[in-house]
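One structure below.
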């Protein structure tokens, strides 16, 4: 299990980005969340196998059809740093 925190920039709010990310995460078996940030980005916390987490990160560059992603910043998160392990994948 690995954890990655991603910040997605571009046209990613108001285009079904978070809900689409949740669908992809659930399909891949990745836990975590997606939430809008005040600066217009979307933050995604992804926790899962190396392969599934990387597959979700790869998808973040595409997003749903109405999105226009310009960058995805990815940071490693140590599992022991998380306050609690998320159950499923939530949209916040």
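Since every read-out is calculated from the coordinates, none of them should be taken as a lab result. None of these values were measured; they are calculated from a predicted model. Reconstructed Cβ throughout: ideal geometry from the backbone, glycine too, with neighbour counts over all protein chains shown.
Name the single residue that is nearest to residue 1 (Cα to Cα) among those in region 59-92 being in a helix (DSSP H, G or I) and in contact with a strand residue (DSSP E or B) (Cβ under 6 Å, 6 or more places away or on another chain).
Residue satisfying both the conditions and the ranking: 79.
Output the residues belonging to region 1-58 that are touching a residue at least 60 places away in the same chain (Cβ under 8 Å) and either in a strand (DSSP E or B) or surrounded by fewer than 19 Cβ atoms within 10 Å (Cβ to Cβ) (or both).
1, 2, 3, 4, 5, 6, 7, 8, 9, 10, 19, 26
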